[in-house]
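Trainee: My structure is below; once you've seen it, I'll send some questions.
The values are calculated or read from the model by the stated rules, or taken from the named source; none is laboratory data. This is a predicted model, so every value here is computed, not measured. Note: ideal-geometry Cβ built from the backbone for every residue, glycine included; neighbour counts use all protein chains shown.
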Amino acid sequence: MKTLATAPTQGLHGKLDVPGDKSISHRALMLGAIAQGKTTIDHFLAGEDCLSTLEALRALGVEITRTNTTVIIRSAGRSAFKKPQKPLDMGNSGTTTRLLMGLLAGTNFTTTLVGDSSLQKRPMRRVSEPLAKLGVRVETTEQGTLPAKIYGGEVRASTVKLNVASAQVKSALIFASLMADEPSQIIEKLPTRNHTEIMINQFGGQIKTAADQRTITVQPKPKLIGQHVIVPGDMSSAAFFMVAATIIDNSDITLTNVNLNPTRTGILEALRKMGADITVTPVENKGEKIGNIRIKAAKLHAITIDAKDIPALIDELPLVALAAACADGATKISGAQELRVKETDRIATVAMELRKFGIDITEFPDGLEIVGSQEWKVVDTQLDSHKDHRLGMMLAVAALRVRTKLTLKNATAIAVSYPNFFEDLELLLKNTKDGD
Ligand code: S3P
């Protein structure tokens, strides 16, 4: 049980380089594994999810060494993958699972994927069904969940229309399409994060996205060559401190080298619409856009968020709920049914946990309504992450708003995406206004 910091008197101060982006770290490992030659990854996120990807690729015979946040991969490409000795353990990682389903298409062996109790509940038919259109056979349980078997074999080019807005599904299809003989087209329901497309192009492939931002054309059989990837800071991790600095009086922090890919900056836009004081300074970079973000405390007001806004802030919705709980008025989030199938049912767990602070919050099948308040009243001092990393971090930020002593159950889940979260939070709380 973790005791949480509460009511900092001076606010949060100082500069912080947040850890590497989780989505980009997964993709850098996978691209390094299917490219020829040496790939070096710097500022890699050594969180549990990315380590699940790293170990799975090692089990497929890829040579990978890691020293802290630097990873070196030496590979002869996807054709050199070897049948793993035992089922690959995906841990808690949906990204590892779904992307590997596409990456393992076109091998000449069958692979079994298993996962932890949360991952075993998450839907996999959203990947196996569209992959079937490319001739790729993925067998799940009758409920469409893990364990799953991926049968290697021929990949047939096709046009596939996706009926769920998911970068994981899109990426699986892109990875499989690379193995076909003709170009494939993938049509998204809504634009989602495009790190896979950017990175494949960086490694020498050819992926084009049409002006509608939803139609992706994949040229098959590219010659992918190992690269040097510097992973930008994770917007999804930066977001915890962006909200913390906004809702805690007297705060003034700067987060450096954060990924500013527009498919990921929905939280920035949402907070700005709520009245947050955020200044972004772009930093020159090849590939992904990055920049420094300065955030000062501000008074917030309610906003409305609907389906079209969701993909660019899907992982930050627990934080939008927290910001809304501190804002004037009632914030309505709709079109967010995907939250029901994340590491936990985040509509239910966010509502349950924020109610422990006396917040008036109503659940809908596809979202939440949160009535903001300046007078939080703790009604239960034992918070619970429900083994969901993002929920755990959101609650640690929420705790800063009250004076009551609070504990967090299942705090270790935070290591999935941010192993040093509490140390970094402590740093920002320790700095003073004058002594940054
Ligand atoms: C991710 C895509 C999103 C996101 C997840 C990471 C990725 O999931 O929630 O944390 O790296 O592609 P969906 O594809 O299910 O929306």
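Trainee: Here's a check for you: in region 136-168, which residue that is within 15 Å of the ligand (Cβ to nearest atom), closer than 18 Å to Thr112 by Cα and touching a residue at least 24 places away in the same chain (Cβ under 8 Å) is surrounded by the fewest Cβ atoms within 10 Å (Cβ to Cβ)?
Mentor: Thr145
Trainee: Output the residue which, of all residues in region 93-124 that are within 19 Å of Phe175 (Cβ to Cβ) and among the β-branched types (Val, Ile, Thr), is nearest to the ligand (Cβ to nearest atom).
Mentor: The selected residue is Thr95.
Residue-wise test of (1) surrounded by 18 or more Cβ atoms within 10 Å (Cβ to Cβ); (2) touching a strand residue (DSSP E or B) at 6+ places or on another chain (Cβ under 9 Å); (3) among the hydroxyl-bearing types (Ser, Thr, Tyr); (4) not in a strand (DSSP E or B).
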{"site": "Asp181", "(1), (2), (3), (4)": "no, no, no, yes"}
{"site": "Ile186", "(1), (2), (3), (4)": "yes, yes, no, no"}
{"site": "Leu190", "(1), (2), (3), (4)": "no, no, no, yes"}
{"site": "Thr196", "(1), (2), (3), (4)": "yes, yes, yes, yes"}
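Trainee: Evaluate region 307-326: report whether one residue or more is touching a residue at least 40 places away in the same chain (Cβ under 8 Å), more than 16 Å from the ligand (Cβ to nearest atom) and assigned to a strand (DSSP E or B).
Mentor: Checking region 307-326: not a single residue is touching a residue at least 40 places away in the same chain (Cβ under 8 Å), more than 16 Å from the ligand (Cβ to nearest atom) and assigned to a strand (DSSP E or B).
Trainee: If you don't mind, another one. Kindly indicate whether any position in region 120-135 is in a strand (DSSP E or B) and either touching a residue at least 24 places away in the same chain (Cβ under 8 Å) or over 20 Å from Arg78 (Cβ atoms) (or both).
Mentor: Taking every residue of region 120-135 in turn, none turns out to be in a strand (DSSP E or B) and either touching a residue at least 24 places away in the same chain (Cβ under 8 Å) or over 20 Å from Arg78 (Cβ atoms) (or both).
Listed here are the residues, each with its yes/no results for (1) outside the structural domain of Met179 (by TED's automatic domain parsing); (2) within 18 Å of Ser417 (Cα to Cα); (3) in a strand (DSSP E or B); (4) touching a strand residue (DSSP E or B) at 6+ places or on another chain (Cβ under 6 Å).
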| site | (1), (2), (3), (4) |
| --- | --- |
| Gly32 | no, no, no, yes |
| Leu45 | no, yes, no, yes |
| Thr53 | no, yes, no, no |
| Ala56 | no, yes, no, yes |
| Arg66 | no, yes, yes, no |
| Ser79 | no, no, no, no |
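Trainee: Can you confirm whether Glu369 is in a helix (DSSP H, G or I) and not polar (S, T, N, Q)?
Mentor: The answer is no for Glu369.
Trainee: How many residues does region 391-424 contain that are on the phi > 0 side of the Ramachandran plot and crowded, with 23+ Cβ neighbours inside 10 Å?
Mentor: The total comes to 0.
Trainee: Just the residues that are within 16 Å of Thr192 (Cβ to Cβ), part of a loop (DSSP other than H, G, I, E, B) and either among the acidic types (Asp, Glu) or in contact (Cβ under 8 Å) with a residue 60 or more places away in the chain (or both), please, taken from region 204-242.
Mentor: Selection gives Asp212 alone.
Trainee: State all residues of region 288-309 that are over 15 Å from Ala245 (Cα atoms) and in contact with an Asp or Glu (Cβ under 7 Å, 6 or more places away or on another chain); if no residue qualifies, say none.
Mentor: His301, Ala302
Trainee: Scanning region 60-94 for residues that are of a type in the set (S, T, N, Q) and closer than 25 Å to Ala157 by Cβ, which turns out modelled with the lowest pLDDT?
Mentor: The residue in question is Ser79.
Trainee: Scan region 1-46 for residues that are closer than 24 Å to Ala398 by Cβ, among the hydroxyl-bearing types (Ser, Thr, Tyr) and either within 13 Å of the ligand (Cβ to nearest atom) or touching a helix residue (DSSP H, G or I) at 6+ places or on another chain (Cβ under 8 Å) (or both) and jot them down.
Mentor: Selection gives Thr6 alone.
Trainee: Also: Only one of Val280, Val231 is closer than 30 Å to Leu162 by Cα, touching a Gly at 6+ places or on another chain (Cβ under 6 Å) and either of a type in the set (Val, Ile, Thr) or modelled with pLDDT under 95 (or both); which?
Mentor: The unique qualifying residue is Val231.
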